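Heads up: the structure comes next, in structure tokens.
The values are calculated or read from the model by the stated rules, or taken from the named source; none is laboratory data. Here the structure is a predicted model, which is why all the values come from computation and not from measurement. Here the Cβ is made from the backbone with ideal geometry for all residues, glycine too, and neighbour counts use every protein chain on show.
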Amino acid sequence: MSLEDLFLIMAFQHKFTRQLLSFLAGTLFAFAFPKFNLAGLAWVTPGLVLWLAAPNSGNRAYLSGFLSGLGCWLIMVYWLLLIPVHGYGLVAYLGQSAVGAAYMGLWCWLCWSFWPAHNTPKVPNLSGGSLSEQWLAINHWKRLGWPLICAVAWVATEMAFGRLFTGFPGYLGASQFRWITLIQITSLTGVYGVSFLIIWFSISGFCAIWSLSADPQRFIRSVIQMLPPVLALGAVLAFGQQSLTQADNSSRRLKIALVQPAIPQSTIWDPSEGTNRFLKLLAISRSALAEKPDLLVWPEAAMPEMITRDQFTQDAIVILLHPYHSWMVMGASDYETTPGTIVSAGTQFFNSVFLISPDGQMAGRYHKRHLVPFGEFMPGARWFPFLAKLRKAGAGLTPGDRPGLLQMTDPVAHFSVLICYEDLFPQEVRECQDNQTDYLLNLTNDGWFGNSGAQWLHCVNALFRAVELHVPLVRCCNNGITCWVDASGQLHNVYFPGSANEYQAGYKMIEVPLAGSQAGLHPTFYRQFGDVFGWGCVGLVAVLGLKRLFASRGGKRTASGTQQRPGRRAS
């Protein structure tokens with residue numbers, strides 16, 4: 001009895017059992033990410049999920065993948081339930097989980113649509129023959145090629161996930177953030193290259209098991225099945241090791257004080273707490289400024305008031321900075337009113353970042369471009385105003401229209417600002433860098449989710465932007481992982497001095513090497529050409545899909561042409 005036959009007897013006699021196993025298999029994806037950090041599960045789970053969908057075809061394969069995706073996302077984004085807004089957390093949780101599950105279902109459907117036995121003569125279809133019988137009938141090259149196609153399909157779905165209905169993208173490659181040598185490949189392929197390698201390796205492993213199950217006497221066949229991804233992994237690790245030996249020769253350093261006030265989200269917009277919040281920020285900042293940093297940073301939405309419209313706040317900032325000759329970056333709300341319009345009708349509100357010079361002058365600002373759907377704006381409300389009524393805060397914020405490229409003088413430093421989860425989208429972060437960019441600066445407020453795994457999940461997904469562009473990434477959070485990431489992807493200053501608690505209030509003093517002209521003169525492949533690898537995978541899936549469609553239609557026409565018409569005899 002083959003392994004597959006035993007599996008079918010035990011699990012697939014009952015529909016509910018099959019669906020439950022698919023769901024449980026998907027949960028293993030979530031355990032590969034923080035805070036569980038069982039990264040090895042990422043290399044096993046894809047093959048298991050696809051195997052569970054194997055005896056199915058069409059809608060059943062999609063359903064199996066959807067259930068696996070649901071198992072993954074319901075655990076991975078549990079922290080959405082902690083949002084202290086009545087009803088919103090549950091809606092966001094179910095919505096994000098359903099969208100993520102839909103992409104997992106799409107991937108399973110694509111993989112089994114491209115199953116090479118479909119194009120192999122005299123092979124029973126998925127519902128009429130065992131997987132072992134089909135596997136034996138497939139030629140050698142197709143057996144090697146199918147896991148590769150599955151990896152291509154995964155990257156194509158990740159590319160879509162990061163661009164359509166953009167909630168939290170959650171790239172599979174991010175689970176390997178601790179394997180520094182491996183993740184250097186992202187300077188060529190983006191984070192998608194790591195995801196690709198994981199899927200290729202995992203599916204090849206399960207195909208090797210199928211080979212051994214189908215014919216235990218042919219052990220070499222199983223070894224050969226694993227050879228291509230193993231060689232590819234070796235090449236990627238060699239590339240990574242070579243990349244790490246190229247030391248950062250930057251002699252310039254910027255001393256930055258990162259303030260983490262750790263203000264609970266339940267009180268952050270409470271008008272009665274505005275003064276207390278401000279005084280807390282000032283107290284922490286005075287302690288930090290005593291160490292004479294070049295730059296003082298406050299997180300996203302640090303100010304309860306709009307600093308450009310509040311003279312008292314402006315004066316307090318000037319008094320704070322003046323004795324220390326330090327620059328300052330802070331997150332606050334902003335608005336603009338179109339001249340000649342009624343204020344209420346012509347006013348646009350923004351989630352913004354401000355750069356303030358040592359003498360208290362506004363030296364630059366940035367309006368967040370990638371807003372959170374439903375949280376910061378109601379999708380479609382600009383074109384269909386009635387939709388704004390479905391959201392308590394109305395249509396919401398307006399997105400900015402340009403990257404946040406800001407510049408300090410004395411000391412000279414150029415940096416690109418990202419707000420909240422803008423650092424999760426590789427294609428957008430790439431657009432925010434120019435040839436003078438020294439580092440990326442992310443201001444965020446992960447306090448929405450309490451002391452949960454959300455902060456870690458956000459951090460490790462953002463970490464890959466530093467490797468992709470080979471520039472440091474500095475993160476300042478209201479409550480979360482305030483730290484910095486070097487150009488190789490290594491985390492620094494995660495915890496406060498003398499503490500193992502990343503969520504407490506305080507400040508961190510860091511010294512960041514400035515990439516500047518070095519990154520501009522020697523840009524990474526990803527910086528120059530973007531998602532060539534990702535779009536290549538999308539294009540290949542499209543070509544294979546069209547080929548499969550035309551082949552299916554051609555087969556139907558051939559079959560219908562051989563059928564005898566009623567009332568006629570064959571000659």
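Taking the stated definitions as given, is residue 188 surrounded by fewer than 21 Cβ atoms within 10 Å (Cβ to Cβ) and free of Cβ contacts under 8 Å to residues at least 24 places away in the same chain? It is false that residue 188 is surrounded by fewer than 21 Cβ atoms within 10 Å (Cβ to Cβ) and free of Cβ contacts under 8 Å to residues at least 24 places away in the same chain.
When residue 257 is tested against (1) at pLDDT 80 or above; (2) in the same structural domain as residue 134 (by TED's automatic domain parsing); (3) touching a helix residue (DSSP H, G or I) at 6+ places or on another chain (Cβ under 6 Å); (4) not aromatic (Phe, Trp, Tyr), just one condition goes unmet, and that condition is (2). Within this structure, residue 194 passes the test of being touching a Ser or Thr at 6+ places or on another chain (Cβ under 8 Å), more than 30 Å from residue 410 (Cβ to Cβ) and either at pLDDT 95 or above or part of a strand (DSSP E or B) (or both). The residues of segment 112-169 that are modelled with pLDDT under 70 and polar (S, T, N, Q), listed by number, are 119, 120, 125, 127, 130, 132, 166. Residues in segment 422-455 that are out of contact with any helix residue (DSSP H, G or I) (no Cβ under 8 Å at 6 or more places or on another chain) and more than 23 Å from residue 296 (Cα to Cα): 4 in all. Checking each residue in segment 52-69 for being surrounded by fewer than 22 Cβ atoms within 10 Å (Cβ to Cβ) and at negative phi picks out 55, 56, 57, 59, 60, 63. Here residue 338 meets the list (1) modelled with pLDDT of 85 or more; (2) closer than 22 Å to residue 403 by Cα; (3) hydroxyl-bearing (Ser, Thr, Tyr) almost entirely, failing just condition (1). Checking each residue in segment 247-273 for being farther than 26 Å from residue 452 by Cβ and assigned to a helix (DSSP H, G or I) picks out 271, 272.
Which of (1) modelled with pLDDT of 80 or more; (2) out of contact with any Leu (no Cβ under 6 Å at 6 or more places or on another chain) does residue 252 not meet, given it meets every other one? For residue 252, the exception is condition (2).
Table: residues versus (1) within 18 Å of residue 354 (Cα to Cα); (2) buried (at least 24 other Cβ atoms within 10 Å of the Cβ); (3) not hydroxyl-bearing (Ser, Thr, Tyr).
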site	(1), (2), (3)
397	yes, no, yes
417	yes, yes, yes
424	no, yes, yes
428	no, no, yes
435	no, no, yes
469	no, yes, yes
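Take the conditions without any contact (Cβ under 8 Å) to a residue 40 or more places away in the chain and outside the structural domain of residue 427 (by TED's automatic domain parsing) and apply them to residue 232. Does it pass? Yes; evaluated as a whole, the condition is true for this residue.
For segment 349-359, the criterion of being farther than 30 Å from residue 289 by Cβ, modelled with pLDDT under 90, part of a loop (DSSP other than H, G, I, E, B) and in contact with a Leu (Cβ under 7 Å, 6 or more places away or on another chain) is met by none of the residues. Somewhere in segment 476-496, is a residue in contact with a strand residue (DSSP E or B) (Cβ under 7 Å, 6 or more places away or on another chain), outside any loop (DSSP other than H, G, I, E, B), touching a residue at least 12 places away in the same chain (Cβ under 8 Å) and of a type in the set (D, E, K, R)? Looking for residues that are in contact with a strand residue (DSSP E or B) (Cβ under 7 Å, 6 or more places away or on another chain), outside any loop (DSSP other than H, G, I, E, B), touching a residue at least 12 places away in the same chain (Cβ under 8 Å) and of a type in the set (D, E, K, R), one finds none in segment 476-496, hence no.
Taking the criterion of being surrounded by 20 or more Cβ atoms within 10 Å (Cβ to Cβ) and under 30 Å from residue 196 (Cα atoms), the residues of segment 492-523 that qualify are 515, 519.
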